[in-house]
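Quick notes on the structure that follows.
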Amino acid sequence: MKFKKINTQSIKELFISQIEEIILSGELKPGEKLPTEREIADEMNISKTVVHEGIRELSRIGFLDVVSRQGVYVADYTSTGNLDTLFAIIRYRGGMPDRKMINSLLDVRLYLECPALDILAANHTERDILQLREAQEETKKAFSKSIEAFATALFIYRRTIILLSGNCISPLIMNAFFTASISAWTDYSEFIGKEEIYESLARTTECIWQGDSETAKKIFRNHIERFRNHILAR
C-alpha cells in the first residue's frame, strides 16, 4: 500500500490566509495603512522575507496596494481584485457564496450565455446540434444520481453552448467560476426541478436548431429570474 504525502500550509500561506481573513472580516478596511514589514514580522514572529513575499502575493490577488516609498495599504478589492480574490472570498465564507455574490454570478451567466445563444442559433452545424443533444441527454441520465451530479451535467450543457459559439475566452471564464458557483448550480437544480430543467434544455436545443435564439434566450432568462427572485426572497 502506498500512502500519499500529507502537505501542510507553509508559513507564507498561513500569513496570506490570516491577512485575507483580517481584511474580509472588515477588521482592516480599504485605505488603511499596514505597519512596516519589519513591524509585522516581529509581531507575528516570522521572517521579514515571508512578510515581503506574502504582501507581494496579496497585492497580486488584489487585497493590498503597495505604494512606492509610502507603504502598503488595504485595497478596494472589489475594484482591484481578480478570480483569485473571488476564490479567497468563497474560501472565507466556507465555500458558500452569499446572496449578493450569487446575484452577480447570475448576471455573469446572462452576459456569457445570451450572446452565445445568438451566435450558435445563427451559425451551427449538424455536428453542433448532435453534440448539444448528447450533453442534453447526459442531464437526463443524471436524474437517478445525486443533485450535485445533475447540476454538474447541467453546467456541462450550458458550457457546451458557449464552446460551440466559438468564443475561446468565455468557456475559460465559466470554468473558472465553476468551483465557486457549484453550490448555486445545485440550489438552482433543486429549485427549478430536474424534469423542468431537462424540458427547457430540450426546447433550447430545438430553438437553436431552428435558428430561434430569441425564444432560447427567453427560456433561459425566465429560469434565471425565477431563481434570482428565490435567492433574494430568502
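Just so it is clear, none of the values below were taken in a lab; they were calculated from the coordinates. Just so it is clear, the model here is predicted, and its values are computed rather than measured. Every residue, glycine as well, gets a Cβ built from its backbone with ideal geometry; the counts of neighbours run over all protein chains shown.
For 102, 46, what ranking results if the residue with the fewest other Cβ atoms within 10 Å of its Cβ goes first?
Values: 102 20, 46 16.
Sorted ascending by nearby Cβ count, the order is 46, 102.
Simple spin-label estimate for residue 108 and residue 32 gives 2.7 nm between the two label positions (7 Å along the Cα-to-Cβ direction from each Cα).
Arrange the peptides 13-26, 106-119 so that the one whose residues have, on average, the most other Cβ atoms within 10 Å appears first.
Order by mean packing, descending: 106-119, 13-26.
Run the dipole for the range 115-214 about the Cα centre, Lys and Arg Cβ at +1, Asp and Glu Cβ at -1, nothing else charged, and hand back the magnitude in debye, nearest 20.
Numbers: 9 positive and 15 negative charges, 64 e Å.
In total the dipole reaches around 300 debye.
Would you mind calculating the gained length between residue 73 and residue 53 on full extension (0.36 nm times residue separation, minus the Cα-Cα distance), in nm to one decimal?
5.7 nm
Whole-Hz Karplus values for the range 162-177 come out as 5, 4, 6, 6, x, 6, 8, 9, 4, x, 5, 5, 4, 4, 4, 7 Hz, taken residue by residue from phi with 6.51 cos²θ - 1.76 cosθ + 1.60 and θ = phi - 60°; glycine and proline positions read x. Across the range 210-216, coupling constants 3J(HN,Hα) worked out from phi with the 6.51/-1.76/1.60 Karplus curve, θ = phi - 60°, read 8, x, 9, 6, 4, 5, 4 Hz, and Gly and Pro carry x. Positive-end ranking of 157, 179, 120 along the dipole of the range 96-233, with charges on Cβ about the Cα centre, is headed by 179. Computed over the chain with a Gaussian network model linking Cα atoms closer than 10 Å, the most mobile of 161, 40, 129 is 40.
The alpha carbon gyration tensor of the range 80-148 gives principal lengths a ≥ b ≥ c with a/c of 1.5 or higher and a/b no greater than b/c, which makes the shape oblate. Relative to the dominant Cα principal axis of the chain, helix 11-24 is inclined by about 70°. Potential lengthening of the chain between residue 66 and residue 91 amounts to 6.6 nm, from the contour at 0.36 nm per residue minus the alpha-carbon distance.
To the nearest ten degrees, helix 48-61 and the longest principal axis of the Cα atoms of the chain are 30 degrees apart.
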